[in-house]
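First up is the structure itself, then whatever we jot down about it.
The values are calculated or read from the model by the stated rules, or taken from the named source; none is laboratory data. Because the structure is a prediction, the values reported are computed rather than measured. Every residue, glycine as well, gets a Cβ built from its backbone with ideal geometry; the counts of neighbours run over all protein chains shown. The protein model used for the area step is the full one, side chains on, heavy atoms only, and it has no ligands, DNA or RNA in it. Shrake-Rupley method; radii C 1.70, N 1.55, O 1.52, S 1.80 Å.
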Amino acid sequence: MTISFNINGQPTSLDVDGDMPLLWVVRDMLDLKGTKFGCGKAACGACTLHVDGKAIRSCSYAVKYAEGKNITTIEGLSNGDQLHPVQQAWMEEIVPQCGYCQPGFMMATAALLSEIPNPTDEDIDNNIVNVCRCATYYRMRKAIHRAADIQSQNAKNQPS
Amino acid sequence: MKKTYRAYLASSLLLGILVFGFSTTTGEYLSEPKLPEKSKSTAAELTPEQAFDLMMEVLTHKRCVNCHPSDDYPRQGEDSHIHNFGVQRGPDNHGVAALQCQTCHQSENNNHAGVPGAPEWSLAPRKMAWQGLTRVEIARSMLNPDNNGGRTLEETVHHLTEHELVLWAWEPGVDANGTPREKPPVPKAEYIKAVKAWAAGGAPIPEE
């Protein structure tokens with residue numbers, strides 16, 4: 001079947017099996033390798049990306065559901081050269097260790113900040129349930145708070 | 001030669017019995033559903049009391065109760081454990097801000113990943129909590145407009161017999177290990193007939 005959607009702002013149309021996981025399409029057909037395969041069971045969160053701004057586990061999301069939607073992967077999180085607050089914070093706090101799971105965490109965090117701009121530790125615990133085998137959770141928590149500060153500062157600096 | 005032929009006949013007969021025996025099991029249900037004796041010809045002949053028992057065999061099953069918890073945590077699995085990852089009800093029964101049911105669950109089962117799905121996948125509202133209730137308490141709650149979202153009996157029957165999320169219980173897919181999830185102990189058609197028979201008989205609720 002033919003599926004059409006926007007990915008990172010670019011219109012895309014593919015002839016594909018509708019039940020193929022969106023993750024397969026993103027990585028193997030569109031060659032966007034930032035989104036990672038972890039468990040394949042919607043458990044670990046390494047494959048998290050955004051569909052219409054909401055966090056989705058792309059390993060368990062059939063591409064047929066993406067018809068007409070806006071998909072954002074880690075490659076499309078920044079605004080051109082302007083890094084997303086989450087990306088800035090991740091660099092400032094030197095979060096990654098091996099780094100494999102980090103794109104999923106960053107996409108989950110970006111989705112959280114769009115819903116809860118200043119999350120508490122409890123909000124972070126409730127909403128970010130991805131898995132990191134290097135256990136970088138402590139640095140990620142700091143980075144999430146830092147990203148919230150950057151996002152808030154950016155909003156204040158924006159011309160009204 | 002004769003002896004050999006007799007042995008061939010005997011083994012063929014034995015094989016035939018075995019094959020026939022296996023072919024007479026009740027399909028996907030390994031044992032006969034627990035239908036009341038009187039109902040085995042057709043559920044339309046059920047008394048409302050028998051229909052109530054049959055309906056409750058389903059409504060108290062984990063495929064229903066896992067999503068009708070009495071707290072703010074969905075249950076999952078055959079042992080009804082609290083949903084992994086600390087998943088929560090959230091303000092509208094669809095999860096919390098950035099961890100919604102639809103983060104993982106879509107409108108169909110995903111049997112590759114073992115993630116179940118159906119339209120409107122969500123928890124039943126807190127007022128529709130069934131976990132820990134008796135059959136009688138569930139029925140009273142189900143018929144109470146304060147708890148059932150203001151549904152009439154007709155609307156409640158419609159929900160119980162036609163809502164895709166309810167009927168998912170008979171197409172529950174496989175779990176993360178590829179093991180088929182357990183279905184309710186009553187076949188779908190028999191359950192639907194029982195709900196309608198119970199309602200048609202005035203939806204009586206037995207004494208505790």
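The figures follow:
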quantity: Identity of the residue in the range A:56-81, acidic (Asp, Glu) and modelled with pLDDT of 95 or more, that ends up nearest to residue B:109 (Cα to Cα); calculated: A:67
quantity: Among (1) in contact (Cβ under 8 Å) with a residue 12 or more places away in the chain; (2) farther than 23 Å from residue B:192 by Cβ; (3) in contact with a helix residue (DSSP H, G or I) (Cβ under 6 Å, 6 or more places away or on another chain), the one test that residue B:105 misses; calculated: (3)
quantity: Filtered residues of the range A:118-128 (kept if of a type outside the set (S, T, N, Q) and either touching a strand residue (DSSP E or B) at 6+ places or on another chain (Cβ under 7 Å) or exposed (fewer than 13 other Cβ atoms within 10 Å of the Cβ) (or both)); calculated: A:121, A:122
quantity: Only one of A:91, A:107, A:140 that is more than 26 Å from residue B:90 (Cβ to Cβ), outside the structural domain of residue A:54 (by TED's automatic domain parsing) and part of a helix (DSSP H, G or I); calculated: A:91
quantity: Number of positions in the range A:1-16 that are open to solvent by 50 Å² or more (accessible area, probe 1.4 Å), touching a helix residue (DSSP H, G or I) at 6+ places or on another chain (Cβ under 8 Å) and more than 24 Å from residue A:114 (Cβ to Cβ); calculated: 1
quantity: Criterion (over 20 Å from residue A:50 (Cα atoms), of a type outside the set (D, E, K, R) and free of Cβ contacts under 8 Å to residues at least 12 places away in the same chain) met by exactly one of B:125, B:180, B:172; calculated: B:180
quantity: Boolean, residue B:90 is part of a loop (DSSP other than H, G, I, E, B), within 11 Å of another protein chain (Cβ to nearest Cβ) and free of Cβ contacts under 8 Å to residues at least 40 places away in the same chain; calculated: yes
quantity: Top-ranked residue of the range B:128-152 - restricted to ones that are assigned to a loop (DSSP other than H, G, I, E, B) and small (Gly, Ala, Ser), ranked as least open to solvent (accessible area, probe 1.4 Å); calculated: B:129
quantity: Filter result for residue A:59 (in contact with a helix residue (DSSP H, G or I) (Cβ under 8 Å, 6 or more places away or on another chain), outside any strand (DSSP E or B) and free of Cβ contacts under 8 Å to residues at least 40 places away in the same chain); calculated: yes
quantity: Filtered residues of the range B:62-82 (kept if on the phi > 0 side of the Ramachandran plot and open to solvent by less than 40 Å² (accessible area, probe 1.4 Å)); calculated: B:77
quantity: Selection count where residues are open to solvent by 30 Å² or more (accessible area, probe 1.4 Å) and either β-branched (Val, Ile, Thr) or over 21 Å from residue B:93 (Cβ atoms) (or both), scope the range B:153-165; calculated: 2
quantity: Hits in the range A:1-48 - residues which are within 14 Å of the chain's Cα centre (by Cα) and aromatic (Phe, Trp, Tyr); calculated: A:37
quantity: Qualifying positions in the range A:1-21 - farther than 19 Å from residue A:72 by Cα and not in a loop (DSSP other than H, G, I, E, B); calculated: A:2, A:15
quantity: Residue within the range B:125-135 that is in contact with a Lys or Arg (Cβ under 8 Å, 6 or more places away or on another chain) and of a type in the set (S, T, N, Q) present; calculated: yes
quantity: Within the range A:129-152, considering residues that are within 17 Å of residue A:43 (Cα to Cα) and among the aliphatic types (A, V, I, L, M), the one surrounded by the fewest Cβ atoms within 10 Å (Cβ to Cβ); calculated: A:135
quantity: Odd one out for residue A:99 among (1) on the phi > 0 side of the Ramachandran plot; (2) not in a loop (DSSP other than H, G, I, E, B); (3) not acidic (Asp, Glu); calculated: (2)
quantity: Residues of the range A:35-84 that turn out to be away from every other protein chain (no Cβ under 11 Å) and of a type outside the set (A, V, I, L, M, F, W, C), as a count; calculated: 17
quantity: Residues satisfying the stated conditions in the range B:74-87, i.e. in a loop (DSSP other than H, G, I, E, B) and either more than 9 Å from chain A (Cβ to nearest Cβ) or farther than 26 Å from residue A:110 by Cα (or both); calculated: B:74, B:77, B:78, B:79, B:80, B:83
quantity: Scan of the range B:93-111 for residues that are more than 7 Å from chain A (Cβ to nearest Cβ) and not in a helix (DSSP H, G or I), ordered by number; calculated: B:93, B:94, B:95, B:105, B:107, B:108, B:109, B:111
quantity: Any hit, the range A:11-34, residues being more than 10 Å from chain B (Cβ to nearest Cβ), of a type in the set (Lys, Arg) and out of contact with any Asp or Glu (no Cβ under 6 Å at 6 or more places or on another chain); calculated: yes
